[in-house]
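No lab work stands behind these numbers, since they all come straight from the coordinates. Quick caveat, the model's predicted, so the values are computed rather than measured. Glycine also receives a Cβ, built like all others from the backbone with ideal geometry; neighbour counts cover every protein chain displayed.
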Amino acid sequence: MAPQPGDIIASLFTGAAVILLTNPLDTVKNRYQVAKTRSGVLAFGAAEIKRLGLLRALWFPGLATNCCACTMTVGVRIGLYPSLRDAIAPDAKTPGAMAASGLLGGALGYTLAAPFFHATRLAQVSEDGGLFGLRALRRIVREGIAYRGAGLLIARGATISTTQLTTYDSTKGFCRDRGLEEGPAMHILCSVAASLAVTTAMVPLDVTLTHYQTSASPSPLACARDMYQQHGPRIFVRGWLPLWARFLPSSVLTFLIYEQARKVLVGRHMESWEKSKWVKSFR
């Protein structure tokens, strides 16, 4: 089944909208994971706001690069997901087809967006990366390290996509089978389930990636070994709460915006789009 324009456009819009709303949570999560502090994440975030102000401390760091990165990843992994799933298993929405579709879309999306995510992390954990991440992006391209940690990032992205989309789609099917009406309430419930699953599956990769991309460690494995030796096994779940606090609203907003945008685009406007001469000229 060919990718549907409505799915792609809805997912691109969703990626940009979600980051504009949740970038502060991303910033505090990344800074907290590398901070040498024993304070809780709320106290840490409050101290950063007091030091720099809300916008400069949490909202603006890495905003431009993060927006580009998430527009790419959401556009690919969610926009292509229905087509990939139906192509793999045309007659049934099986868990295997869901997982494979999420894995393929996630790996592709995060491969494309890797330099933007790298620049975002640098901008969010250090104050010399430029306010919106563009200075950090220029730096990593100039130094030839744009894809530093990309393998770990792609594994992280594939984990996010597989876990999030499989959990969301499976929970949605579970709710439908029990007679629940599809709508915003169902989408929120499925999104919460997806956020819990993806946070738990991803936090070890996420904290390792943050340490690796902001250090001089020679490899992700060496970085993980140093983390374990210095901090013990608990370091690999450090930041679970801020990560979930980041993924909960992100997941809910992502699927609410996507489902509504897709409903509008596919249901009402895409028919005229498909019939337009402009679209036909590209076929």
Worksheet, complete the sentence: Classified through the alpha carbon gyration tensor (a ≥ b ≥ c as square roots of its eigenvalues; rounded if a/c is under 1.5, else prolate when a/b is larger than b/c, else oblate), segment 39-181 comes out oblate
Item to complete: Compute the normalised compactness of the chain: alpha-carbon radius of gyration over 2.2 N^0.38 Å, N being the residue count.
Response: 1.03
Discussion item. For the chain, set up a GNM with springs between Cα atoms under 10 Å and report which of Asp169, Asp26, Asp177 has the largest fluctuation.
Written reply: Asp177
Response to the item:
Computed from the beta carbon distance with a Förster radius of 45 Å, FRET efficiency for Asp226 and Glu181 to the nearest 0.05 stands at 0.30
Item to complete: Count the net charge of all other residues whose Cβ sits under 11 Å from the Cβ of Cys190, scoring Lys and Arg as +1 and Asp and Glu as -1.
Response: -1
